[in-house]
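The values are calculated or read from the model by the stated rules, or taken from the named source; none is laboratory data. All values derive from a computational prediction rather than experimental measurement. Here the Cβ positions follow ideal geometry from the backbone for every residue, glycine too, while neighbour counts run over all protein chains shown.
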Amino acid sequence: MATLISLSSNDTEYVTVRSKFISGGLSGARIHSIIKITMPDDVTSKHENFKKSYSASGVLTLYHGTKHCCDITKLSDFTRLCQNITCGVCGIIRTGPRPNGFVWFGPSSDISHGYTGAIGIMAGSFRAIFVMDVVSATSSHGAYTVPHGEAALPRYLIIYSH
Ligand SMILES: [Zn+2]
């Protein structure tokens, strides 16, 4: 299972991730938390194997916005993940991006912002964007796509309002 660590705001990783996120067009965003994600071993090893076959193209750090339908401000550990299959945030933490099918990424936070938001009965102003390591990405209309979810590995989840 994934390990989630809510970073302290004076942690250097927090400062670096926050700074890039804020400067990516979301200067008015208020960060609720930045969660460091260590994905389950099977997800990580699939990504590492995929990466080996694309070693020439390098790794990009990209954003992935998705919807949620649970209280994402309480996602401090794995046991808090909801079971709702429409919850993109919990689904990705559990298994990574969909293993088969195209996945979209934004090079900056403002592009991914448009894909975030609460669905269902879970109202609220908080949103969630993942920071992922991505290999074999193809640039397309200001965004990036990969053909397989295993091309991406979630590294951080940024919970914010804007
Ligand atoms: Zn959820």
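Checking LYS67 against (1) of a type in the set (Lys, Arg); (2) more than 15 Å from the ligand (Cβ to nearest atom); (3) within 24 Å of THR145 (Cβ to Cβ); (4) buried (at least 17 other Cβ atoms within 10 Å of the Cβ): exactly one of these is not met. Which one?
Among (1) of a type in the set (Lys, Arg); (2) more than 15 Å from the ligand (Cβ to nearest atom); (3) within 24 Å of THR145 (Cβ to Cβ); (4) buried (at least 17 other Cβ atoms within 10 Å of the Cβ), the lone unmet condition for LYS67 is (2).
Residue under question is SER140, and the condition is that it be at pLDDT 95 or above, more than 15 Å from PHE50 (Cα to Cα), of a type in the set (S, T, N, Q) and surrounded by fewer than 19 Cβ atoms within 10 Å (Cβ to Cβ); does it hold? Before you say what the answer is, go through the steps one by one.
Numbers: at pLDDT 95 or above: no; more than 15 Å from PHE50 (Cα to Cα): yes; of a type in the set (S, T, N, Q): yes; surrounded by fewer than 19 Cβ atoms within 10 Å (Cβ to Cβ): yes.
It is false that SER140 is at pLDDT 95 or above, more than 15 Å from PHE50 (Cα to Cα), of a type in the set (S, T, N, Q) and surrounded by fewer than 19 Cβ atoms within 10 Å (Cβ to Cβ).
Give me the residue from the range 29-53 that is of a type in the set (A, V, I, L, M, F, W, C) and in a helix (DSSP H, G or I) and, out of that set, surrounded by the fewest Cβ atoms within 10 Å (Cβ to Cβ).
PHE50
Please go through (1) of a type outside the set (Ser, Thr, Tyr); (2) touching a residue at least 12 places away in the same chain (Cβ under 8 Å); (3) farther than 23 Å from TYR144 by Cα for VAL15 and return the number of the only condition it doesn't satisfy.
Checking VAL15 against (1) of a type outside the set (Ser, Thr, Tyr); (2) touching a residue at least 12 places away in the same chain (Cβ under 8 Å); (3) farther than 23 Å from TYR144 by Cα, the one that fails is (2).
Taking into account only those residues within the range 100-118 that are over 15 Å from the mean Cα position of the chain (by Cα) and surrounded by fewer than 13 Cβ atoms within 10 Å (Cβ to Cβ), which is modelled with the highest pLDDT?
Checking each candidate, the answer is GLY101.
Go through the range 77-91 and give me each residue that's surrounded by 14 or more Cβ atoms within 10 Å (Cβ to Cβ) and within 10 Å of the ligand (Cβ to nearest atom). Please lay out each step first, then the result.
Filtering the range 77-91 for residues surrounded by 14 or more Cβ atoms within 10 Å (Cβ to Cβ) gives 77-78, 80-82, 84, 87-91.
Listed by number, the residues that qualify are ARG80, LEU81, CYS82, ASN84, CYS87, GLY88, VAL89, CYS90, GLY91.
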